[in-house]
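The next block holds one structure in the form of C-alpha cells; read it before the comments.
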Amino acid sequence: MLTPVSASLRIAPDYLQLSVWVHAENIAPLSEVDIWQLSHRYGEEFLSELTAVEQRHLGAIIHLFEETRWIFSGMIYGFWFEYTPASFAYDVVDEFQLGHNGLIAVGDSRMRLESIATAGSWLELTFRYSLSEDQQRRRNLQYTSSVKRTTGTAQAPLQEGLIGRILILEKSMQNAIYNHLKRVYLNRPNFVKGEIFLESPSKIMLKEGSWHVRSDVYLHFFQVD
C-alpha cells in the first residue's frame with residue numbers, strides 16, 4: 001500500500017499549490033497552532049535566531065517549508081545540470097551535478113501555508129505560491145519545441161529521514177535524464193549539460209519502509225557529447 005507524502009493539488013497560470021504530508025510522530029509535540037505561528041514567522045531572521053533546542057523542536061516542519069520552496073523553485077526557475085553517465089566498459093563512474101537556476105527567497109510573502117489537515121497518523125500541509133508576471137513568463141518559456149518531456153523515479157530507506165526526500169528528488173531527476181538518453185540514443189552520450197524543470201510537484205510516497213518518488217520533468221540540452 002502506498003501512502004501519499006507529497007502530491008500536486010493544482011497548477012494555475014498565476015499560482016502553484018502543493019500538499020506535503022508528514023507522519024505525526026516526526027513533529028510531536030507540535031500543535032496546529034504552533035505550525036500556524038511558525039508559518040507567519042518563517043524567514044531568514046527567524047531561522048538565524050533559533051536556538052539548538054528550537055531547531056530540534058521545529059526541525060521537521062521547517063524541513064517541509066524548505067522542501068516546498070525547493071519544489072516550487074524547480075517548477076518556476078528549474079535547475080542546471082551536468083551529467084556523466086557511468087560506463088563499465090571504459091571504467092567511468094556516474095557523476096551528476098544539479099543546482100537551482102533560482103530560488104524562492106526564504107520567507108517570500110507569495111509562498112504561504114493555506115491549510116493543515118490530518119488523516120490518521122498523517123499531517124497534511126497545503127502551500128500556495130502566487131506567481132509574479134515575470135515568473136509566469138518563465139514558466140511559459142519552458143514549453144518550447146526544443147524541450148523534451150520525461151519521467152524519473154527513485155527510492156531511499158525511511159531511516160534517512162526527511163533529508164532523504166530531497167536526495168531522492170535529485171536522484172529521480174538524474175534518472176529522468178538517464179531514461180531519456182537511453183530511449184533516444186543507441187549509444188548513450190559520454191556527457192550532457194542542460195536545464196531541467198519540474199512539470200508538476202514531484203510525487204513522494206511511502207511504501208514498505210522506503211520513500212518512493214516520481215518526477216515528471218522537461219529537459220533542455222545545451223551540450224551532448
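Does SER215 satisfy the condition of being of a type in the set (Ser, Thr, Tyr) and either surrounded by fewer than 19 Cβ atoms within 10 Å (Cβ to Cβ) or part of a helix (DSSP H, G or I) (or both)? Against the criterion (of a type in the set (Ser, Thr, Tyr) and either surrounded by fewer than 19 Cβ atoms within 10 Å (Cβ to Cβ) or part of a helix (DSSP H, G or I) (or both)), SER215 does not qualify.
So which residues in the range 152-171 are closer than 20 Å to TRP80 by Cβ and touching a helix residue (DSSP H, G or I) at 6+ places or on another chain (Cβ under 8 Å), if there are any at all? Hits for the range 152-171 are GLY152, ALA154, ILE166, LEU167, LEU169. Scanning the range 192-225 for residues that are of a type outside the set (D, E, K, R) and either in contact with a Phe, Trp or Tyr (Cβ under 7 Å, 6 or more places away or on another chain) or free of Cβ contacts under 8 Å to residues at least 60 places away in the same chain (or both) yields VAL192, GLY194, ILE196, PHE197, ILE204, GLY209, SER210, VAL217, TYR218, PHE222, GLN223, VAL224. Of all the listed residues (GLY74, GLY107), the sole one being farther than 18 Å from ILE35 by Cα and in contact (Cβ under 8 Å) with a residue 24 or more places away in the chain is GLY74. All of (1) closer than 20 Å to ASP14 by Cα; (2) in contact with a Leu (Cβ under 6 Å, 6 or more places away or on another chain); (3) of a type in the set (D, E, K, R) hold for LYS148 with one exception: (1). All of (1) more than 21 Å from ILE11 (Cα to Cα); (2) buried (at least 16 other Cβ atoms within 10 Å of the Cβ); (3) of a type in the set (A, V, I, L, M) hold for LEU169 with one exception: (1). Of everything in the range 130-166 that is aliphatic (A, V, I, L, M) and within 19 Å of LYS203 (Cβ to Cβ), the residue that is surrounded by the most Cβ atoms within 10 Å (Cβ to Cβ) is ALA154. In this structure, ASN175 does not qualify as surrounded by fewer than 16 Cβ atoms within 10 Å (Cβ to Cβ) and in a helix (DSSP H, G or I).
We did not get these values from a lab; they are worked out from the coordinates using the rules stated. From a predicted model like this one, the values you see are computed outputs, not experimental measurements. Quick reminder, even Gly has a Cβ in these numbers, built from the backbone with ideal geometry, and neighbours come from all protein chains shown.
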